[in-house]
Amino acid sequence: MMWGRVQNSWLHVSARSLKKSPQNLKGKSVTEQRWLERQLNDQFVKAAHLHNYRCRSAFKLLEIDDRYKVLKPGFTVIDCGAAPGAWSQVAVQRVNSAGQDPALPKGRVIGIDLLHISPLEGAEFLAMHDITMASTLTALEKLLSGAQAHAFLSDMAPNATGFRELDHERLVSMCLSMLDMADRLLKPGGSLICKCWDGALANKLQQKLSTLFKDVRKVKPKASRKESSELFFLARMFKT
Ligand SMILES: C[S@@+](CC[C@H](N)C(=O)[O-])C[C@H]1O[C@@H](n2cnc3c(N)ncnc32)[C@H](O)[C@@H]1O
């Protein structure tokens, strides 16, 4: 598939559709029924199908990157928590790592996840790798063979325990592990985008980011559900 820049035109396609109700709800819990109904009527889910993205989260990165231009042709990008691979799809398009535009420099996308990730042209995956393990850093360093990355991305999320504060703490701890990795492997001037859930430690994470990057801000793309405590830190100009 030829990857072009996806602008917000996909919104018009879905805005006209009528609200649908899911079929075959027998045996499903109320929570499952609500989830199915939300998926069925979610404009970003529809747009993800339309544009062949592996999941709706692609639109969060597209929106952030359209606005802040973090990903450029020729860049090396590390995508943490990459499964099923939608952010990696966006990164492949933007850094030209599949060589889709021969006139532009060819970048590199390396995705890391605990889970298996289906192959994607233009991306290399360290599947079954835990971001918090030293062995993952070693594997990444080996892949990079001395090179450094222009950007780190993280849409990681731990398996939800149902305890909000605990999930928040686990996510922040994973983000800090990624930051340690970025501290070693990010080029001076590089960028980082990292998902967090709002909570007691979000400010601490922001402070830590501010010690490493000259410009740190919170962003909430439209594809991030309003009712979700999800937010993204965009950190630019890595100091050293
Ligand atoms: C919301 S999904 C990411 C979706 C992805 N950005 C996309 O667009 O396809 C969160 C991912 O974080 C991964 N994850 C959770 N803990 C992790 C860890 N310790 N190391 C690596 N990945 C982890 C999960 O396995 C899951 O695939």
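For the reader, a short list of remarks on this structure follows.
- Within segment 147-163, the residues that satisfy the criterion of being in a loop (DSSP other than H, G, I, E, B), closer than 18 Å to Leu137 by Cα and away from the ligand (no atom under 13 Å from the Cβ) are Ala147, Gln148.
- In segment 86-138, the residues that are surrounded by fewer than 22 Cβ atoms within 10 Å (Cβ to Cβ) and among the acidic types (Asp, Glu): Asp101, Glu121, Glu124, Asp130
- The set of residues in segment 179-236 being touching a residue at least 60 places away in the same chain (Cβ under 8 Å), surrounded by fewer than 20 Cβ atoms within 10 Å (Cβ to Cβ) and assigned to a helix (DSSP H, G or I) consists of Leu185 alone.
- Verdict on Leu171 being open to solvent by 30 Å² or more (accessible area, probe 1.4 Å), within 11 Å of the ligand (Cβ to nearest atom) and outside any strand (DSSP E or B): no
- The set of residues from segment 128-137 being more than 21 Å from Phe75 (Cα to Cα) and more than 9 Å from the ligand (Cβ to nearest atom) comprises Met128, Ala134, Ser135.
The values are calculated or read from the model by the stated rules, or taken from the named source; none is laboratory data. This structure is a prediction, so every number in the text was calculated from the model and none was measured. Positions of Cβ are generated from backbone atoms using ideal geometry, with glycine treated the same way; all protein chains shown enter the neighbour counts. Keep in mind that these areas ignore ligands, DNA and RNA; they rest on the heavy atoms of the full protein, side chains included. Shrake-Rupley method; radii C 1.70, N 1.55, O 1.52, S 1.80 Å.
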